[in-house]
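Take a look at the structure set out below.
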Amino acid sequence: MLLPILHYPDKRLRTKASPIEVVNDEIRTLVKNMFETMYDAPGIGLAATQVDHHIRLIVIDTSEDKSQPLCLINPEIIAKDGELEWDEGCLSVPNYYECVTRANHIKVKALNEHGEEFELEAQELLGVCIQHEIDHLDGVLFVDHLSKLKQRRLLEKTRKEKK
Ligand code: K1U
Ligand code: ZN
């Protein structure tokens, strides 16, 4: 089932998501629907916040052939180093790309869709995407990392497009 994606500047995107207590069939159905929604968009990541579910769940697939689906529940960055700049987009901010500085190398701890804990090291696009999606769970958008001037221009552009 395809889920509607919230668009900037919707205030619901600013909600801090709660940890998932139990990984059950309801969560697994949401995971399936989020993958379907992300692939359909198309995108390489999606946070539950973006589909108006305020729980700590993200799905990601940065492969070219949809062959590496990754589900992270209650993800936590436990180590990071280095810096890199990446031109980011966001399904909640359509048709807008800007360069953001992030950690280059991260180590993440999370649960998978079966409730099992795992650790993952990531860099470049996968690392950037995980940081972008965890930001969503904290109510942070990639545009928050930009200058106030760029944020004002984006808000004007969004308001004009809505008219
Ligand atoms: O969270 C989101 O809104 C998804 C976002 C993830 C992301 C992209 C780039 C850098 C950081 C995080 C997207 O998927 S935007 C769309 C996109 O990048 C893309 C779409 C189709 C093919 C390849 C990339
Ligand atoms: Zn996004």
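The values are calculated or read from the model by the stated rules, or taken from the named source; none is laboratory data. This one's a predicted model, so the numbers in the text were calculated from it and none came from an experiment. Here Cβ is always computed from backbone atoms with ideal geometry, including for glycine, and neighbour counts include all displayed protein chains. For the accessible areas, the whole protein counts, side chains as well, though only heavy atoms, and no ligand, DNA or RNA atoms are used. Shrake-Rupley method; radii C 1.70, N 1.55, O 1.52, S 1.80 Å.
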Out of the residues in the stretch 36-61 meeting the condition of being assigned to a loop (DSSP other than H, G, I, E, B) and open to solvent by 40 Å² or more (accessible area, probe 1.4 Å), tell me which one is nearest to residue 2 (Cα to Cα). 41
Restricting the stretch 1-35 to residues that are in contact (Cβ under 8 Å) with a residue 60 or more places away in the chain and closer than 17 Å to residue 110 by Cα, the residue that is surrounded by the fewest Cβ atoms within 10 Å (Cβ to Cβ): 22
Kindly indicate the residue of the stretch 136-154 that is free of Cβ contacts under 8 Å to residues at least 24 places away in the same chain and within 14 Å of ligand 2 (Cβ to nearest atom) and also nearest to residue 49 (Cα to Cα) among those meeting that condition. 140
Out of the residues in the stretch 93-117 that are farther than 19 Å from residue 31 by Cβ and touching a residue at least 40 places away in the same chain (Cβ under 8 Å), which is nearest to ligand 2 (Cβ to nearest atom)? 93
Residue by residue through the stretch 17-70, note down the ones that are within 11 Å of ligand 1 (Cβ to nearest atom) and among the hydroxyl-bearing types (Ser, Thr, Tyr). 37, 39, 49, 62, 63
